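Take a look at the structure set out below.
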Amino acid sequence: PTRCELEGGPPTGGGARSPGPRAGAGPQGRAPGPGPSPGGRAMQGVIRSSEQRLSKDKKNTEAARLRAWRQNVALVVLGMFLLGSFAVTNMVLLRSVLQHPVAGGAGGGDGGSPWIGPLLRERLRRQ
């Protein structure tokens, strides 16, 4: 059965195709006429406005996604900067401690470690 027969239409004679557009017919196979009815024009306007709204919504969604991505990238860059600063600070402090150990500064007098303040130096000297 053909699609027309399945939808309840008249049989088409064994699935034969309908003939092509009529002579003098318009671009969609219809006879030339006065144009779409007012209801048809209104429906075309509704469809057009719906397409424009969907296009605008899609642009807004893409713009929001781009803004969110930029904010996330900024947070990641800030986090990497803070992590790098923390690592460099710890490496500099470790190098300073290794170059001037606490034990060497405590027994040697005033020429001790540069990173030890005067109060800690005095306390180590008393021990």
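The values are calculated or read from the model by the stated rules, or taken from the named source; none is laboratory data. Source: prediction; values computed, not measured. Backbone-built Cβ (ideal geometry, glycine too); neighbour counts: all protein chains shown. Surface accessibility is based on the protein's heavy atoms, side chains included, excluding ligands, DNA and RNA. Shrake-Rupley method; radii C 1.70, N 1.55, O 1.52, S 1.80 Å.
Points to keep in mind about this one:
- For region 93-116, the tally of residues that are modelled with pLDDT of 75 or more and exposed (fewer than 10 other Cβ atoms within 10 Å of the Cβ) stands at 1.
- Of everything listed in (1) part of a helix (DSSP H, G or I); (2) modelled with pLDDT under 80, the single unmet condition for L120 is (2).
- Annotation: of all residues in region 34-70 being open to solvent by 60 Å² or more (accessible area, probe 1.4 Å) and in a loop (DSSP other than H, G, I, E, B), the one that is modelled with the highest pLDDT is S37.
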